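Inspection log for the structure reproduced underneath, given as structure tokens.
The values are calculated or read from the model by the stated rules, or taken from the named source; none is laboratory data. Computed from a prediction, not measured in an experiment: that's the story for all the values here. Please note: Cβ atoms are built from the backbone with ideal geometry, for glycine as well, and neighbour counts cover all protein chains shown. What goes into the accessible areas is simple: the full protein's heavy atoms, side chains included, and nothing from ligands, DNA or RNA. Shrake-Rupley method; radii C 1.70, N 1.55, O 1.52, S 1.80 Å.
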Amino acid sequence: MSLSSPAERQAARRKAVADALTDIRRLAAGQPDRAALDAVAARLQALAAQRELFTREDFPPPAQTASGASTRYRLNPDDGDDAAALYLNSINPGKTTIPHNHDTWAVIVAVEGREFNRVYRRTDDRSDPNFARLEVARELTVEPGTPIAFLPDDIHSIHVVGDAPTLHFHCYGRPLETLTGRYGVHPESGEIVNYNATQMQPSKVAA
């Protein structure tokens, strides 16, 4: 089907996103395990394959050309704060984050671009609420055809690589803006910080 105008793309995109989220909420109902999140990732990859709906024209990369600049678009803002939230992230190469958890399930799927992920395990005894010791458990580059998924307590960091901005779906069990209890860890010192309060920038609402 030819989608020649922005209005046609917008209408088709809204329907495709709504249909995908209906399926995702069913797949991730209750307390999803890793198998359920693999199914969510497969459904998001089907959405990502509809490349004509997720263009750079409609989701431009950051206006700043600086290394690591990012823009995060909320694709289902009308669903509010009590259900799964889907974002489309456009991030310039060079972006990194400190290791962090999500406090809900999370799935990342690429439309285009490459995001290197380090996944960590905690090796401390968790007796100090202000300190964590981490070691790298595995590494994976998220790119078209290679997703990644996380349970609420999984910890990862991202490192955007390549020479073009990403367009990646980030889907969460609840909107990022509500995840006020998630934490980040400064890798050099092990200091634990509130991730949303110290690291996160506001999202934009997709048209």
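Here are the numbers for the structure shown:
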{"read-out": "So Arg118, is it closer than 18 Å to Thr55 by Cα, of a type in the set (Lys, Arg), within 16 Å of the chain's Cα centre (by Cα) and in a strand (DSSP E or B)", "value": "no"}
{"read-out": "Some residue of the range 104-116 being hydroxyl-bearing (Ser, Thr, Tyr) and open to solvent by 20 Å² or more (accessible area, probe 1.4 Å)", "value": "no"}
{"read-out": "Every pair of residues 6+ apart whose Cβ atoms lie under 8 Å, when the first sits in the range 76-93 and is more than 25 Å from Thr65 (Cα to Cα) and part of a loop (DSSP other than H, G, I, E, B) while the second is modelled with pLDDT of 95 or more and aromatic (Phe, Trp, Tyr)", "value": "Ala84/Tyr172"}
{"read-out": "Some residue of the range 34-42 being in a loop (DSSP other than H, G, I, E, B) and small (Gly, Ala, Ser)", "value": "no"}
{"read-out": "Contacts under 8 angstrom Cβ, first residue in the range 4-28 being over 16 Å from Gln45 (Cα atoms), partner charged (D, E, K, R) and surrounded by fewer than 18 Cβ atoms within 10 Å (Cβ to Cβ), 6 or more apart", "value": "Pro6/Glu57; Pro6/Asp58; Arg9/Glu52; Arg9/Asp58; Gln10/Asp58"}
{"read-out": "In the range 167-187, residue surrounded by the most Cβ atoms within 10 Å (Cβ to Cβ) [restricted to those that are in a loop (DSSP other than H, G, I, E, B) and either at pLDDT 95 or above or touching a helix residue (DSSP H, G or I) at 6+ places or on another chain (Cβ under 7 Å) (or both)]", "value": "Gly173"}
{"read-out": "Leu47 vs. criteria farther than 20 Å from Asp154 by Cα and either in a helix (DSSP H, G or I) or open to solvent by 20 Å² or more (accessible area, probe 1.4 Å) (or both)", "value": "yes"}
{"read-out": "Test: Arg25 is surrounded by fewer than 15 Cβ atoms within 10 Å (Cβ to Cβ) and in a loop (DSSP other than H, G, I, E, B)", "value": "no"}
{"read-out": "The one condition in (1) open to solvent by 50 Å² or more (accessible area, probe 1.4 Å); (2) farther than 30 Å from Ile192 by Cα; (3) over 15 Å from the mean Cα position of the chain (by Cα) that Phe54 fails to fulfil", "value": "(1)"}
{"read-out": "Single unsatisfied condition, His156 versus (1) assigned to a strand (DSSP E or B); (2) modelled with pLDDT under 95", "value": "(2)"}
